[in-house]
Amino acid sequence: MLAALEEKPGRVVLVDLGGGVMTVARGDQSQIDTLVVVVEPYPRSAEVARRLLEMAAAKHVGRRIVVANKVADDQDVAFIREFLGLEPDAVIPVDGAVRTADRLGASPIDHDRASPAVGALRELATSLLH
Amino acid sequence: MRVVLLGKGGSGKSTLAALLATELTSRGEAVVAIDADTVPGLAQVLGLEPTDEWHLANQAVRDNGGWRLNGTPAEIVDRCSMPAAGNPRLRFLQCGNVDADLKDIEFRRESNLANWSGTIAFNSLSRQYDDPGGWAIVDLQGGTLQAAGGLAGTKGVALLVVEPFAKSTMTARRFAGMGQWPAGIQLAAVANKVASADEEDHVRAALAPVGVPVWTVVPTDPALQRAERDGRPLVTVDPDSPARRAVAHLADRLIDARHPAPSA
Amino acid sequence: MAKIAVAGKGGSGKTTVAGVLARLLAEDGHDVLTVDADENPNLGISLGLGVERTERLLGAREALLPDGPAIACSMEEVVDDFAAEVGERLRIVQVRKFDHFRPG
């Protein structure tokens with residue numbers, strides 16, 4: 001599908017690949033120019049992220065962005081930095097407003113646009129497509 | 001008896017599988033814990049050395065254009081499962097072997113027969129392995145894919161792990177609506193990471209319309225969260241902590257389900 | 001034309017990140033097509049569609065296959081048929097409807 005879509009200026013295609021490694025492992029990623037890997041600061045999440053990043057590099061995905069999510073403190077960022085051997089491109093803090101939005105089945109941007117998590121994503125959106 | 005854990009990714013299946021295995025073995029029960037996820041994770045929370053070794057290679061063999069297991073499920077588990085250092089009543093079996101190395105990523109291609117046979121063997125064991133005298137705890141991958149493929153098997157308890165968030169309750173309803181569950185399976189839910197009475201009500205209300213009973217409510221637990229973040233095995237968490245006490249209650253329910261009281 | 005994919009361990013917040021990013025990019029003036037390729041899809045919720053509308057989204061998978069309807073018409077037309085409007089300049093195509101038990 002991605003290969004067959006028309007090239008339109010100003011168009012963005014954003015794909016949610018689902019949890020885990022299998023979609024990236026099995027798929028041909030040649031149509032993707034940026035892979036955003038979301039990682040939480042604990043070992044099992046970081047291990048999946050590590051494998052995703054290595055697969056993406058092996059499959060020549062041009063740009064790989066790491067988003068550290070649900071970060072409580074500097075220790076959390078340090079954990080990700082050490083485990084993955086790189087500085088995260090974005091850090092999204094633990095955010096009670098996101099938890100509430102999740103409970104209500106709403107998007108965080110509708111529930112509380114001014115929340116810290118949405119703010120961090122605002123910065124990421126800007127840097128993703130300059 | 002078989003206990004299979006299902007749920008949306010991140011809902012807490014592996015955590016609960018590890019806590020349940022620990023609780024049951026502490027009561028003298030024999031447990032085989034099975035990690036069905038492609039990336040190893042259950043081993044780590046059990047305090048076992050995470051391994052990518054493909055223990056099940058060649059445990060399924062070609063037979064008349066199809067496949068058969070290289071022994072009974074019990075024989076294969078006996079042969080291929082890892083003992084848990086420090087816990088003589090616990091054995092462990094892992095599915096995952098997808099590594100970053102591309103040659104291992106192609107494990108599902110038939111040309112890589114050893115790995116393909118391992119996958120076939122693993123799927124059969126997930127479906128069939130049972131220990132009448134002990135417990136088989138199967139930690140399925142997040143999502144509905146493996147359950148739809150029958151990896152939950154045909155008997156025992158299928159535990160839906162549900163968080164008080166819309167995506168998690170929506171997923172739980174999907175499991176209940178997947179079609180006709182085998183008659184031998186009891187579908188029950190565990191409400192996990194529940195922070196308040198409101199959140200508990202939210203989970204119960206979401207599951208009531210699909211007739212899935214909530215057997216246990218596991219509260220949010222700071223000590224458990226710290227252990228996860230530190231990468232410490234969950235057995236290091238105080239048995240009196242809220243989550244561990246809730247899992248003790250869950251173990252009681254499961255033991256009752258194994259030998260249901262005779263009706264009057 | 002940017003083609004961005006979002007991945008991560010289940011529960012990491014990947015879908016929340018994808019949904020909020022899509023909303024922000026659409027507000028910035030980009031024409032955003034989101035694709036939910038998860039076998040247990042819920043991107044609709046993170047885009048702000050709500051539970052009910054998300055549950056009603058169609059699964060486009062068969063239509064997107066190279067030997068499907070795109071033989072007779074363009075992929076754009078197939079996407080137009082299956083995509084749900086989330087807002088101005090923002091649409092979602094859900095690839096999978098969640099799985100039912102597979103026979104055999």
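The values are calculated or read from the model by the stated rules, or taken from the named source; none is laboratory data. Model, not experiment: these values are computed from the prediction. Ideal geometry is used to build each Cβ from the backbone, glycine not excepted, and the neighbour counts take in all protein chains shown.
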*Determine, yes or no, whether A:Val66 is at pLDDT 90 or above, surrounded by fewer than 24 Cβ atoms within 10 Å (Cβ to Cβ) and not assigned by TED's automatic domain parsing to the domain that holds A:Ser127.*
yes
In region B:1-39, residues that are surrounded by fewer than 23 Cβ atoms within 10 Å (Cβ to Cβ) and within 11 Å of another protein chain (Cβ to nearest Cβ) total 1
request  = Report whether or not B:Ala206 is surrounded by 15 or more Cβ atoms within 10 Å (Cβ to Cβ) and either hydroxyl-bearing (Ser, Thr, Tyr) or within 13 Å of another protein chain (Cβ to nearest Cβ) (or both).
outcome  = yes
Filtering region B:226-256 down to residues that are in contact with a strand residue (DSSP E or B) (Cβ under 9 Å, 6 or more places away or on another chain) and modelled with pLDDT under 95 yields B:Val235
Does C:Ala7 count as more than 11 Å from chain B (Cβ to nearest Cβ), closer than 11 Å to A:Ala125 by Cα and surrounded by 24 or more Cβ atoms within 10 Å (Cβ to Cβ)? no
Note on region C:1-49: residues of a type in the set (S, T, N, Q) and in contact with a Phe, Trp or Tyr (Cβ under 8 Å, 6 or more places away or on another chain) are C:Asn40
- Query: Do we have any residue at all in region A:99-119 that's more than 16 Å from the chain's Cα centre (by Cα), over 19 Å from C:Gly11 (Cβ atoms) and of a type in the set (Gly, Ala, Ser)?
  - Reply: yes
Quick one: would you say A:Val77 is in the same structural domain as A:Leu35 (by TED's automatic domain parsing) and closer than 27 Å to B:Ala166 by Cβ? no
If we take region A:19-130, then helices (runs of 4 or more DSSP H) inside it with 2 or more residues that are hydroxyl-bearing (Ser, Thr, Tyr) are A:116-128
Only one of (1) facing another protein chain (nearest Cβ under 7 Å); (2) small (Gly, Ala, Ser); (3) assigned to a loop (DSSP other than H, G, I, E, B); (4) farther than 24 Å from A:Ala97 by Cα does not apply to C:Ser12, and that is (4)
Would you confirm, using the coordinates I've provided, whether A:Val12 is buried (at least 21 other Cβ atoms within 10 Å of the Cβ), in a strand (DSSP E or B) and over 13 Å from the mean Cα position of the chain (by Cα)?
yes
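Yes/no per residue for (1) touching a Leu at 6+ places or on another chain (Cβ under 9 Å); (2) at pLDDT 95 or above; (3) outside any helix (DSSP H, G or I); (4) within 14 Å of B:Leu6 (Cβ to Cβ):
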position	(1), (2), (3), (4)
B:Asp131	no, no, yes, no
B:Gly153	no, yes, yes, yes
B:Thr169	yes, yes, no, yes
B:Ala172	yes, yes, no, yes
B:Gln180	no, no, yes, no
B:Glu200	no, yes, no, no
B:Ala205	no, yes, no, no
B:Val212	yes, yes, yes, yes
The helices (runs of 4 or more DSSP H) lying wholly within region C:41-104 that contain at least 2 residues that are more than 21 Å from B:Gly9 (Cβ to Cβ) and in contact with a strand residue (DSSP E or B) (Cβ under 9 Å, 6 or more places away or on another chain) are C:75-82
Taking the criterion of being under 17 Å from the mean Cα position of the chain (by Cα) and either buried (at least 19 other Cβ atoms within 10 Å of the Cβ) or at pLDDT 85 or above (or both), would at least one residue in region B:48-60 satisfy it?
yes
Given (1) assigned to a helix (DSSP H, G or I); (2) without any contact (Cβ under 8 Å) to a residue 60 or more places away in the chain; (3) within 26 Å of C:Ser46 (Cα to Cα); (4) aliphatic (A, V, I, L, M), B:Ala223 misses just (3)
Of those in region B:166-197 that are more than 23 Å from C:His100 (Cα to Cα) and free of Cβ contacts under 8 Å to residues at least 24 places away in the same chain, the residue surrounded by the fewest Cβ atoms within 10 Å (Cβ to Cβ) is B:Ala197
Any residue that is farther than 30 Å from B:Pro182 by Cα, more than 12 Å from chain A (Cβ to nearest Cβ) and either buried (at least 19 other Cβ atoms within 10 Å of the Cβ) or not aliphatic (A, V, I, L, M) (or both) - is there at least one of those in region C:61-75?
yes
